[in-house]
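Worksheet: one structure, shown below.
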Amino acid sequence: MQTALEALPQEFQQFREVVETLGRLILQVRLFPTSHPSVDRALDAAYTPLDAILQRKKSVKLTFSKGAVSHLNFEMDLTDVRDKAMHLLREILVRHSIGEVEFQKGVSREELCSLALILGARDSDCLAAALASSGSHLTNVRIRHGQKAKQPDGGASCEAGRERIEERRQIAPRRNAGDESKMGMVVRNVLDRLEKIQSPEGRRAGSKILEVVEREGGNTATILLLDSLKGYDEYTFTHSVNVAVISAAVARSIALEEAFIDAIAHAALLHDIGKLYVPREIINKMGRLTPSEWQVVRKHPIDGERILREEGLDLMSRRVAYEHHMRHDLTGYPVPKSGYVVHQASEIVRIADSYDALTTKRPYRKQINPYEAIKLMVKSIGTEFHQEYLGVFLRVLGNIPIGSILRLRTGETVLVVDISGRDSLPRVRVLTDARGKELEEEIILDLNERNPRTNDFIHQIETIVEQPIRDVDIGAYIVG
């Protein structure tokens, strides 16, 4: 029995294949340099149907209008956001006001790849300038604008865009032994600002994350994917580093083997890689998501596992990407089959993921006090979270975690900025004095200080302030 697609005219099938594979090729060149096998496979897949049509025709014209692409009397809708490649292609066509792309007989694989690089460049709107600089690469490709075409400004941004396109054609250079990689420097910068665990456990875990990144080198799938994630959404990248640090600290406190700690650090860094396929307007939406938008977000674990599987990543990383939104009682998503057992690493990463998400400001909501976040998570022991691992996580964080707001018996309101050890009291920064006046100068108090004559604590805690933090950037208060 024929499928619905097979019943369509061959001309339409080939036209559809050209459009779909072009979208996938653009998606791949956004993720990887052209030397990567994934780009090579996508380029083969895109070139084959196009070449097949051009064997019998002088040219293939794709016309774009109102979210659809047409060829002859055939039309294909590009507005379905569930197909990430088609959504990306539509976004690019609208941004550049492209009305038509014509492929002429004799077009080469190299020309098709150059076109994908130009269209797929994230940070260059100077399409005309990019096309002009790549004239020798596109002798058999013609691009015509619609009515609202953007004109190149001819300035530095266009030049930078051309340079970045050329850089994407190159393989990343080898670095000298002992040099910190580019991604290593980026990760170190995130770690320097990390407010979640300022403790010996947190510092050791941060060193582990850097060790894992540096071991990967400069041009592996892991580093390329992390670079793509950082370019796509800065918050998701930073969140991934935070989650990796917390996960590694918990794994070490469970006394797991060093190889497992390495593996969970690696897996946690990539746990949200499927967000690459969630449209930016959904990721950064200020208000509540619609049901259809929420369905797109809920697909990111599936997309993440598939990306890692296609790139040949290890099984633990793939499982963590797939399972990190599955609750301990299996009521999360994706919905597993009966009897499914969530991987130990996924249970740990889920705890770290939830805590970081709750205590970080987002466009659509305020962060909450870490102490309140812990109280909220404790309510879900045994249902959402693994009981033993959550207990270890709480010990790692300390009794009063970073970011908690306290009121001292002398009336000051203070913010916890450093935890020195599992059984000791934290260091705090004074936010308001005893009269409630906000202080501009930085005053740090060590709650471990005692009166040498009485041995009583000098600064005593009256209560933990449980209401959510309002527009307080915890990272700005961290003691260097």
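Structure summary
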{"read-out": "Search result, residues across the stretch 439-480 that are modelled with pLDDT of 75 or more and at positive phi", "value": "N455"}
{"read-out": "G436, sole failed condition from (1) at positive phi; (2) modelled with pLDDT under 85", "value": "(2)"}
{"read-out": "Filter pass, L425 being within 30 Å of K299 (Cβ to Cβ), among the aliphatic types (A, V, I, L, M) and either in the same structural domain as E257 (by TED's automatic domain parsing) or modelled with pLDDT under 85 (or both)", "value": "no"}
{"read-out": "Residue check for I402: touching an Asp or Glu at 6+ places or on another chain (Cβ under 8 Å), in a loop (DSSP other than H, G, I, E, B) and within 30 Å of S240 (Cβ to Cβ)", "value": "yes"}
{"read-out": "Among the candidates E384, E372, residue that is of a type outside the set (V, I, T) and in contact with a His (Cβ under 9 Å, 6 or more places away or on another chain)", "value": "E384"}
{"read-out": "Some residue of the stretch 50-65 being modelled with pLDDT of 85 or more and closer than 29 Å to G312 by Cα", "value": "yes"}
{"read-out": "The stretch 242-274: number of residues that are in contact with a Leu (Cβ under 7 Å, 6 or more places away or on another chain) and within 17 Å of L225 (Cβ to Cβ)", "value": "4"}
{"read-out": "Exclusive hit being farther than 19 Å from E110 by Cα, touching a residue at least 60 places away in the same chain (Cβ under 8 Å) and assigned to a helix (DSSP H, G or I), set L89, L93", "value": "L89"}
{"read-out": "Cross-chain or 6+ apart pairs with Cβ under 9 Å, the stretch 354-378 first and touching a residue at least 12 places away in the same chain (Cβ under 8 Å) and assigned by TED's automatic domain parsing to the domain that holds V416, then outside any helix (DSSP H, G or I) and buried (at least 16 other Cβ atoms within 10 Å of the Cβ)", "value": "none"}
{"read-out": "Residue match in the stretch 47-57 (condition: farther than 21 Å from L78 by Cβ and either in contact with a His (Cβ under 7 Å, 6 or more places away or on another chain) or of a type in the set (K, R) (or both))", "value": "yes"}
{"read-out": "From A251, A259, A267, A244, residue being modelled with pLDDT of 95 or more and in a helix (DSSP H, G or I)", "value": "A267"}
{"read-out": "In the stretch 270-281, the residues that are in contact (Cβ under 8 Å) with a residue 40 or more places away in the chain and in a helix (DSSP H, G or I)", "value": "I273, G274, K275, L276, Y277, R280"}
{"read-out": "Tally, over the stretch 216-253, of residues that are under 20 Å from D314 (Cβ atoms), surrounded by fewer than 24 Cβ atoms within 10 Å (Cβ to Cβ) and not small (G, A, S)", "value": "11"}
{"read-out": "Residue under evaluation G411, criteria (1) in a loop (DSSP other than H, G, I, E, B); (2) modelled with pLDDT under 85, criterion not met", "value": "(2)"}
{"read-out": "Within the stretch 58-81, tally of residues that are among the aliphatic types (A, V, I, L, M), out of contact with any His (no Cβ under 9 Å at 6 or more places or on another chain) and closer than 25 Å to V278 by Cβ", "value": "3"}
{"read-out": "Index of the failed condition, I283 passing every other in (1) buried (at least 16 other Cβ atoms within 10 Å of the Cβ); (2) farther than 18 Å from D353 by Cα", "value": "(2)"}
{"read-out": "Boolean, A259 is in the same structural domain as R203 (by TED's automatic domain parsing) and either touching a residue at least 60 places away in the same chain (Cβ under 8 Å) or buried (at least 20 other Cβ atoms within 10 Å of the Cβ) (or both)", "value": "no"}
{"read-out": "Positions within the stretch 88-109 being farther than 14 Å from K66 by Cβ and either surrounded by 20 or more Cβ atoms within 10 Å (Cβ to Cβ) or among the β-branched types (V, I, T) (or both), in sequence order", "value": "L88, L89, I92, H96, V101, F103, V107"}
{"read-out": "Filtered residues of the stretch 283-292 (kept if farther than 20 Å from H324 by Cα, at pLDDT below 90 and not small (G, A, S))", "value": "N284, K285, M286, R288, L289"}
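Listed here are the residues, each with its yes/no results for (1) assigned to a helix (DSSP H, G or I); (2) at pLDDT 50 or above; (3) β-branched (V, I, T); (4) not assigned by TED's automatic domain parsing to the domain that holds G274.
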residue: T79; (1), (2), (3), (4): no, yes, yes, yes
residue: V101; (1), (2), (3), (4): no, yes, yes, yes
residue: L119; (1), (2), (3), (4): yes, yes, no, yes
residue: S124; (1), (2), (3), (4): no, no, no, yes
residue: E159; (1), (2), (3), (4): yes, no, no, yes
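The values are calculated or read from the model by the stated rules, or taken from the named source; none is laboratory data. What you see is a predicted model; the values in this text were computed from it and never measured. A quick note on method: Cβ atoms are made from the backbone with ideal geometry, for glycine too, and the neighbour counts reach across all protein chains shown.
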